[in-house]
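The structure appears right after this line, and notes come after that.
No lab work stands behind these numbers, since they all come straight from the coordinates. Keep in mind that what you see is a predicted model, and the values were worked out from it rather than measured. Here the Cβ is made from the backbone with ideal geometry for all residues, glycine too, and neighbour counts use every protein chain on show.
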Amino acid sequence: MIKITLPDGSIKEFSEGTTPYDVAKSISEGLARNIISAKFNDTILETVSPLNEDGTLILYTWNDAEGKKAFWHSSSHIVAQAIEELYPGAKLTIGPAIDNGFYYDVDFGKKTLSEKDFSTIEKRAIEIARGKHAFKMRSVSKNEALTLYKEQGNEYKVELIENLDDGTITFCDHDTFTDLCRGGHIPNTGIVKAIKILSVAGAYWRGDENNTQLTRIYGISFPKQKELTEYLHLLEEAKKRDHRKLGKELELFTFSQKVGQGLPLWLPKGAALRERLEDFLKKAQKKAGYEMVITPHIGQKELYVTSGHYAKYGEDSFQPINTPKEDEEFLLKPMNCPHHCEIYNHKPYSYKELPKRFAEFGTVYRYEQSGELHGLTRVRGFTQDDAHIFCTPEQLDQEFKNVIDLSLYVLNSLGFDNFTAQVSVRDLTKPEKYIGEVENWEKAENAIINAAKEKGLDFIIESGEAAFYGPKLDFMIKDALGRSWQLGTIQVDYNLPERFELTYKGSDNELHRPIMIHRAPFGSMERFIALLLEHTGGNFPLWLIPEQAIILPVSEKHEIYAKKVLNSLENNEIRALVDNRNETIGKKIREAEMSKTPFMLIVGDNDIEGNTISVRRHGGEDLGAISIEKFTDLVNNEINSTLKSF
């Protein structure tokens, strides 16, 4: 007999060789019908895999993230079989599940895949799925695996296998199809009821521009056709809200090939938007005791070697800048934290002077691959709303909770009220990914978990998602379309203070190491604004939008009064402008609607006589003719209702 521990803490005894499906059936017939994947002792396995030792078992359905992962990975096998049948000679490489669906990288040789081929692949994939073929895992020797793919002439699979140890290699079979695979599949193909090929893109083998460019086929699948229909509707909505499209229409930012890929240029309206976001956070930070600092855009290579960033990010950084001085190298800074450590180090501190809270809107640089660049969400130069708190161990708990409060204030003020907190900890099976002592990691992880509990956050714990120097608390936001994004992060770090030999004098007159908290409520200004654009559809909160009102004189003779209205609004700190172009009032209203200006103030003869403005809201609501004072109160009340003081 073996003992199986379930997620609720209960322990049940089963015969050796029992499968996750058997365990599910012992709980309920309904669960057994819906289980599609399982995890046993932190290893993903099939629902029919035999369990031969004591351990902890988690059962997954379609409603679980891991269940979807198994579903989509299995679907990639089905699509791969369809491709192999439809395009003889195509060489399959890898096909993982991703956040929304899956992809498969294929070398089609001289064949070019296009959108007109999608329906053919989908049709054959669904035919395969309807066969209800079981996914079966089997172990193979390294020699057997190499022989198979060498005979097929698939150099990509051969390369993958050559990097694997004999005894660890497994294949997955279904129907007539075999693929190199680690496992994690649904019971059979019949569970997949709907498959859609979404797009194709170029992708270099192993992400190396020097390697062959493959065709990456993106797809998604569902257990019900209705769910696919709903998803495709959301995709259409997402296209309308695409921040690249809205950013162009609202004249917020642009890109230039002459300046360089992944380096955004902020236009006047976008720059004003960023400035308001920065001022908003600076005001809250000042109340919370932060001090603003400024650091250079470059630093000596040795600075990032000391911090560990060069070892971890060196390959993703721009090439070192060599100066006329021999052996002197600088880097465009990949992170702000090493600079802030040196700011802390500029003088000695006593425990009475801590915590020190240094904040900066610091621009950093990463050399992202050109194929991975995407509008503002993936760029090569971005500005972080960075801050680093240096505190004593006794101060850590309260400081961390204070940062949680600040992060929640930022999210709530901008309409992100649907979120889950994620505590990102080490992957205990891969200690080589992290720096620092295990004891310090344990302290840091416990501090974050305790703070999240005390603040009453709805949180989950994710293994393997920690930064290389410390665990973190990430805020996972759901936007208006139900998509999840990571916004804002708080990290506890015992390692950089050690590496930079940071100290403070304690009450015992001895030197001690401070603890460092990294935090960035926005994350990066570029990515935050992109997600805010898509979440709001460009209808920003009234306090943030570049132009809160546009004044539309009916004709040329009303322009003097329009300017009088403008002056009055500006005196009351309401952002407005006059549209005095020689266009019809109807066209001006339509264009103001397209630019998502919250209020249109139409002024004509009656308004001049009554000293009023005719107010129309974005969306078409007519508020009638009101006084300028009443409009001012309306705007201020609306702002105050959404933007509370920190």
When Leu481, Leu57, Leu531, Leu228 are ranked with the fewest other C-beta atoms within 10 Å first, the list becomes Leu481, Leu228, Leu57, Leu531
Against the empirical 2.2 N^0.38 Å scaling, what ratio does the C-alpha Rg of the stretch 550-639 come to? 0.98
Above 16 angstrom, tally the Cα pairs of the stretch 451-528 and express them as a % of all pairs, no decimals. 64
Ordered by number, the trypsin sites (Lys or Arg not before Pro) in the stretch 541-634 that occupy a DSSP loop and have at most 12 other Cβ atoms within 10 Å are Arg581
Taking the Cα centroid of the stretch 168-218 and of the stretch 581-646, what is the distance between the two, rounded to the nearest whole Å? 54
Can you divide the C-alpha Rg of the stretch 249-355 by 2.2 N^0.38 Å and report the result to two decimal places? 1.40
From the C-alpha coordinates alone, can you work out the Kirkwood hydrodynamic radius of the stretch 166-251, in Å? 16.8
For the chain, give me every cysteine whose Cβ has no other Cys Cβ within less than 4.7 Å, ordered by residue number. Cys337, Cys341, Cys391
Grab the DSSP H runs of the chain that are 4 residues or longer, score each as -39,500 (n - 2.57), total them, divide by all residues and round the 222 nm result to the nearest 500 deg cm²/dmol. -11000 deg cm²/dmol
Gap in Å between the Cα centre of the stretch 510-544 and the Cα centre of the stretch 402-429? 10
Across all directions of projection, what mean area in square nanometres is found for the Cα convex hull of the stretch 342-430? 9.6
Centroid-to-centroid separation of the stretch 68-134 and the stretch 232-274 [C-alpha atoms, Å]: 32
Straight distance only, please: which lysines reach the Cα of Lys111 with their own Cα at less than 28 Å, same-chain residues fewer than 8 apart left out? Lys91, Lys123, Lys150, Lys157, Lys196
Would you mind ranking Tyr469, Tyr313, Tyr494 by Cβ crowding within 10 Å, fewest neighbours first? Tyr313, Tyr494, Tyr469
Magnitude of the charge dipole, the chain, Cβ model with Lys/Arg +1 and Asp/Glu -1, debye to 20: 1360
So if I average 1/r over every pair of distinct C-alpha atoms in the stretch 66-240 and take the inverse, what Kirkwood radius in Å does that give? 16.7
Beta bridges by DSSP in the chain, antiparallel share as percent, to the nearest 5: 85
Length-normalised contact order of the stretch 1-100, Cα under 8 Å, at least 6 apart, in percent, tallies to 24
Neighbour counts of other C-beta atoms within 10 Å: give me Met594, Met600, Met137 arranged from fewest to most. Met594, Met137, Met600
Considering all projection directions equally, how large on average is the shadow of the alpha-carbon convex hull of the stretch 2-61, in square nanometres? 3.4
So how strong a dipole does the stretch 66-240 carry about its Cα centre when Lys and Arg Cβ are +1 and Asp and Glu Cβ are -1, to the nearest 20 debye? 600
Largest first and in whole Å, what are the equivalent-ellipsoid semi-axes of the stretch 253-536 based on the Cα gyration tensor, each being the root of 5 times an eigenvalue? 28, 25, 19
Give me the tail of P(r) for the chain as a percent: Cα-Cα pairs with distance above 44 Å. 35
With point charges of +1 on the Cβ of Lys and Arg and -1 on the Cβ of Asp and Glu, referenced to the Cα centre of the stretch 372-511, which listed residue (Leu481, Thr383, Leu408) lies farthest in the positive direction of the dipole? Leu481
Could you give the semi-axes, largest first, of the ellipsoid that matches the stretch 36-118, computed as the square roots of 5 times the alpha carbon gyration tensor eigenvalues and rounded to whole Å? 32, 13, 9
P(r) tail fraction, the stretch 64-165 - alpha-carbon pairs more than 16 Å apart, %: 65
Pairwise FRET efficiency - Asn211 versus Glu556, Cβ, R0 = 45 Å, nearest 0.05: 0.10
Between Lys25 and Arg483, what is 0.36 nm times their sequence separation minus the Cα-Cα distance? Round to one decimal in nm. 161.6 nm
